[in-house]
Amino acid sequence: MARLELSNLHAEVAEGDEKILEGVDLEVQSGEIHALMGPNGSGKSTTAKVIAGHPAYEVTEGEVLLHLEDEEFGEDIEIDEDQRTWNLLDLDPNERAALGIFLGFQYPAEIEGVTMTNFLRTALNAKIEEREELFEDEEGAEEEEEDEGFENSPMEGPADDGEVGVAEFQGILQEKMEQLEMDEKFAQRYLNAGFSGGEKKQNEVLQAAILEPSIAVLDEIDSGLDIDRLQDVSNGINALRDEQGTGILQITHYQRILDYVEPDHVHVMLDGQIAKSGGPELAEKLEDKGYDWVRDEVYGTA
Amino acid sequence: MSSDQDHLKETDTEARFEFKKEENAAVRSGKGLTEEVIRMISDDKDEPDWMLERRLRALEQYHNMPMPSDWPGMPDLSELDVEEIIPYIRPDVDKREGVDDWTELPDEIKDTFDKLGIPEAEKNALSGVGAQYESEVVYQNMQEQWEEKGVIFCNMDEAVREHPELVKEHFMTTCVPPSDNKFAALHGAVWSGGSFVYVPEDVTVEMPVQAYFRMNSEGMGQFEHTLIIAEEGSEVHYIEGCSAPKYGTHNLHSGGVEVFVGEDAHVQYSTVQNWSKNTFNLNTKRAICEENGTMEWVSGSMGSKVTMLYPCTILKGRGSTDTHITIALAGEGQDIDTGAKVYHNAPETSSTIESKSISKDGGRTNYRGLVHIADGAENSSTAVECDALMFDNESTSDTMPYMEIEESKVDVAHEATVGKIGDEDIFYLQSRGLDDDDAKKMIVAGFIEPITEELPIEYAVELNRLIELEMEGSLG
């Protein structure tokens, strides 16, 4: 079980002083599904990016803590008492990923020339390696040589002991793709290059399924999906929670996806803050009445 | 993972390219370019008179030609002093034409090539391999099965002695005459070593033929000549790799490559160059394509201080085809000026140029291209695509595509993109667990993928490793 805790989080655009987040408080646990809703520009995507460590935003106040339990990453990694809580703001994006944070992008990058298979296996192994470094005891750390990167090129993938080899990875990938009903040709396509909107979203869920995060923040993963694809993606998200116990923070504009991915908690974001929280019924009310009534309720304006 | 890749993995890449051996030369010319030096080279090689005459004529042309100076944005050659370059060093190998048994090589030369992964490359899927050290080819071997089919793969000096008629006809006559440019003239005067490849009619050499060039001594010039003759209906893939350690003074590499692609023949010429950062790399490479012939150039330019290299294809016969794929990487203090030239001199000819460049730490890359479609070359087509990737605001990249179209019934396309390596792309990969360095390496590896997929696996791995090495520690 892991718990992500945002408290009094303030952030602004790094180049400039435009304030975007003005005191966000939010908690997401493994196994829970939270929906984060709100109008455009309210700060939903910024919240997601700040959690993952996007360099374009500067946190001016508050904390993003990740609490881990001692068997978070299986039996191989023992987590000391004093390593159970991490302030994510002190860590690089890849270190956050290694600790179990996943960000599903609204507009994922297209990387030409890098096949899905190579990319995902490299990412999985990078995560395993980084995790070992974060949790090794301190005496070991001094002896450890400086990270020399990959044994081969990133295109070839790492070949160290304890990492996932090509054949083993093919098996994992094939299984996950079948679950998501993805065409096996995906494996040899270049990362997101020429993917349709729906394929990109499906690919984000596939990556989460392979990297097995504790907490997945999914930024408008429902946008631009037709109804069939929405169901596939939703099934994938439910599987993340049901089979891997991932905690989901589902950012969305619409009620639509919540018919398939039923949230335990719904939060409404307005002007860089969580204005109101509730259960699934809150999402339905938003669908009927829009966001203005929340604004009225919170600010008491007409 | 195959054993050859394991081998490549074992040796530290940086050490492999930066080490240098004590010089142990049997014959060494003086500095500079005089008739005396040219006669001494020719004499040491026991050359026939006709070759000496060609050398002396080229020398005269060299002295009569000005340095190129009127090219827009041309690299700075002011630090290059040809008079200070030692044009000829013969290493101490017993047999003049080199050896065909690896164990007979002197230890220091064997060590050098062992460290570079040669001849391990030979063991896997090469038809033949040659290795040049300084001015001379010191090792040459060709699989018997190809010899039996009449394929010739030998060093150029041997070709002058053993195959004079073929050499007389093709050597710097119609393809790259010394009058072509000042460095072609220089090359014609002092050339030494290199490869001669002859493929008879209708013979397909399925496995690549490889040559490796190593410049070891300080202040020397390397001027190897490569002559490839592919007769009608034949097919061959020739690969060369080049490297040199870094010294305080400048080295000069000025190679000459001539390729004759017969009717319906197919030649691929691939090169991965990693000259040291003080080398001036000024070459002339050209192919002539007969009817329905196909020429493919694949080149990766990593090292050197200045590179000026524009492989050229003359599409002489109807229906002939040319493809260029080039990758250039320029770091601090490097100016890699490279591109392609294609002359469409017959109808229904086609060409494709794909140029990729990467610049970082203030390095400069430039695509300089010329596509000429002659009057009467109707129904010809050309497509040029240039992509540039920059790592920082100090680096520069230019694109100078010239198109001279004299025929109206043609199809011409040009596309260029220049981009800084994307922060969003890097963040995306980081969010999946890759650190900053590895994210950038992955983006670059993907960027150059079109070239690596054209190369045999050892070269593809090598190219990726070279590029990674170039990028180590240079990333913010």
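Derivation of every value follows stated rules applied to the coordinates shown; laboratory data play no part. The model shown is predicted, which means the values in this text are computed figures rather than measured ones. Here the Cβ is made from the backbone with ideal geometry for all residues, glycine too, and neighbour counts use every protein chain on show.
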task: Neighbouring Cβ atoms within 10 Å as the yardstick, rank B:175, B:312 fewest first.
output: B:175, B:312
statement: Sorted by chain and then number, the residues having a modelled amide H within less than 5 Å of the amide H of residue B:209, at least 5 places away or on another chain, are B:127, B:237, B:238, B:239
task: Determine ³J(HN,Hα), in whole Hz, for all residues of the range B:156-162 in sequence, where each value follows from phi through the Karplus function 6.51 cos²θ - 1.76 cosθ + 1.60 and θ = phi - 60°; x replaces Gly and Pro.
output: 5, 5, 5, 4, 4, 7, 8
task: Tabulate in residue order the Karplus-calculated ³J(HN,Hα) for the range B:336-344, using 6.51 cos²θ - 1.76 cosθ + 1.60 with θ = phi - 60°, rounded to whole Hz; enter x for Gly and Pro.
output: 9, 10, 9, x, 7, 10, 9, 10, 8
- request: With the cut-off at 24 Å, report for the range B:348-476 the share of all Cα pairs above it, as a whole percent.
  value: 41
Rh by Kirkwood over Cα pairs, then Stokes-Einstein D for the range B:290-353 at 1.567 mPa s and 4 °C, µm²/s: 103
query: Exposure proxy check: B:344, B:237 ranked by fewest other beta carbons within 10 Å?
result: B:237, B:344
field: Average other protein chain Cβ within 10 Å of Cβ, residues B:416-429
entry: 4
query: If you project the alpha carbons of the range B:180-240 onto their three principal axes, what span does each projection cover, largest first, in Å?
result: 43, 27, 13
task: Would you give the gap between the C-alpha center of the range A:218-236 and the C-alpha center of the range A:258-302, rounded to a whole Å?
output: 21
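Order B:351-364, B:144-157 from most to least packed using the mean count of other Cβ atoms within 10 Å.
Those peptides, ordered most packed to least, come out B:351-364, B:144-157.
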task: Partner chain Cβ atoms within 10 Å, averaged over the residues of A:184-193 - can you pull that number for me?
output: 1
- line: Under 5 Å from the placed amide H of residue A:260, counting only residues 5+ away or on other chains, we find none
task: Just list whichever of B:45/B:285; B:356/B:440; B:149/B:316; A:200/B:441 have alpha carbons separated by over 20 Å in the model shown.
output: B:45/B:285; B:149/B:316; A:200/B:441
- prompt: When the Karplus curve 6.51 cos²θ - 1.76 cosθ + 1.60 is applied with θ = phi - 60°, which whole-Hz ³J(HN,Hα) does each residue of the range A:53-68 get, with x for Gly and Pro?
  reply: x, 5, x, 6, 10, 10, 7, 9, 6, x, 9, 10, 9, 10, 9, 10
- request: Rank-order A:232-244, B:250-262 by packing density, defined as the average count of other C-beta atoms within 10 Å over each peptide's residues, highest first.
  value: B:250-262, A:232-244
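For peptide A:105-115, compute the average count of partner chain beta-carbon atoms within 10 Å of each residue's beta-carbon.
6
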